[in-house]
Amino acid sequence: MSEQHKTPQEYTGRYAAQYCDGDQEKAAEHEIVKEVCKELTEE
């Protein structure tokens, strides 16, 4: 796993900042965020 994204919350925040103008709720609805967060919680 990448050291950049240790928790689903950190990943969602980074994704939101890059692609959703900082909107974490909007980011959480994106399929890639759902997949990554699912993987992060399983480890």
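A compact table of results
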quantity: Nearest 10 degrees, 0 to 90: helix 8-19 Cα axis against the chain principal axis; calculated: 40
quantity: Neighbourhood charge, 10 Å Cβ-Cβ cut-off, centred on ALA16 and excluding it, Lys, Arg +1 and Asp, Glu -1; calculated: -1
quantity: Equivalent-ellipsoid semi-axes of the chain, from the Cα gyration tensor, Å, largest first; calculated: 17, 11, 7
quantity: Within the chain: Cβ-based charge dipole about Cα centre, in debye rounded to nearest 20 (Lys, Arg +1; Asp, Glu -1); calculated: 60
quantity: Accessible heavy-atom area order of TYR19, TYR11, highest first, probe of 1.4 Å; calculated: TYR19, TYR11
quantity: Hz values of 3J(HN,Hα) by residue in the stretch 27-41 - Karplus curve (6.51, -1.76, 1.60), Gly and Pro given as x; calculated: 4, 5, 7, 6, 4, 5, 5, 4, 5, 5, 5, 4, 5, 5, 6
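The values are calculated or read from the model by the stated rules, or taken from the named source; none is laboratory data. These figures come from a predicted structure and were not determined experimentally. Glycine gets a Cβ as well: all are built from the backbone with ideal geometry, and neighbour counts include every protein chain shown. When the accessible area is computed, the model is the full protein with side chains, heavy atoms only, and any ligands, DNA or RNA have been set aside. Shrake-Rupley method; radii C 1.70, N 1.55, O 1.52, S 1.80 Å.
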